[in-house]
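Participant: Please see the structure below; I have some questions.
What follows is calculated from the coordinates using simple rules that are stated; it is not laboratory data. Keep in mind that what you see is a predicted model, and the values were worked out from it rather than measured. Positions of Cβ are generated from backbone atoms using ideal geometry, with glycine treated the same way; all protein chains shown enter the neighbour counts.
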Amino acid sequence: TSHGQSIDVVVELTVNTEQLIARLSKRAQEQGRADDGEEVIRRRMEVYGEQTAPLTAVYAERGLLVQVDGLGSVEEVAARILDALPRGTS
């Protein structure tokens, strides 16, 4: 990188789009968030697909990509991330 450090691993949290929409829509209702409407969420997913997702192929080719199921409680997802990390990076 430009700071003289290398990347050991890239963690991608994966999630089913429909489950994500349901989860964020529920959050929007509970917290009164206008930024979590279905149209906004779908647009965010489109932007992710266009601008960010292509990087996963680059990291996968380099053997750096680790995909982790991003649905569940914070504790469940954190445990999955820690389990997925190569030893010495956590």
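Participant: Just checking my list (i) 6.1; (ii) 5.3; (iii) 7.4 against mean projected area of the Cα convex hull in nm² computed from this structure; which label fits?
Facilitator: Matching entry in (i) 6.1; (ii) 5.3; (iii) 7.4: (iii).
Participant: Let me ask something else. Quick one: go through region 1-38 and flag any residue whose amide nitrogen is under 19 Å from the point 7 Å out along the Cα-to-Cβ line of Glu76.
Facilitator: 12-28
Participant: List the pair-distance distribution P(r) of region 1-49, using every Cα-Cα distance, as the percent of pairs falling in each 5 Å bin from 0 up to the bin containing the longest distance, rounded to whole percents.
Facilitator: Calculated over all Cα pairs of region 1-49, the distribution is 5, 18, 21, 16, 11, 9, 9, 9, 2 percent.
Participant: Around Leu64, which amide H atoms from residues at least 5 apart in sequence, or from another chain, sit under 5 Å from its own amide H, with H modelled in the peptide plane?
Facilitator: Residues meeting the amide H criterion: none.
Participant: Let me ask you something else. About the Cα centre of the chain, what is the dipole size in debye to 20, counting +1 per Lys and Arg Cβ and -1 per Asp and Glu Cβ, all else neutral?
Facilitator: Rounded to the nearest 20 debye, it is 100 debye.
Participant: Using a 7 Å offset from the Cα along the Cα-to-Cβ direction at both Asp8 and Tyr59, what is the distance between the two label points in nm, to one decimal?
Facilitator: Reported label-point gap for Asp8 and Tyr59 is 1.5 nm.
Participant: Roughly speaking, what is the centre-to-centre gap between region 46-89 and region 14-36 when only Cα atoms are used, to the nearest Å?
Facilitator: Answer, in whole Å: 20.
Participant: Using just the helices of the chain, give the 222 nm mean residue ellipticity in deg cm²/dmol: DSSP H runs with n ≥ 4 each add -39,500 (n - 2.57), and the total is spread over all residues, rounded to 500.
Facilitator: About -15000 deg cm²/dmol.
Participant: Ratio of alpha-carbon Rg to the 2.2 N^0.38 Å globular estimate for region 38-78, to two decimals, please.
Facilitator: Working it through for region 38-78, the quotient is 1.45.
Participant: Please list, by residue number, every one of the trypsin sites (Lys or Arg not before Pro) in the chain that is coil in DSSP and has at most 11 other beta-carbon atoms within 10 Å.
Facilitator: Arg62, Arg87
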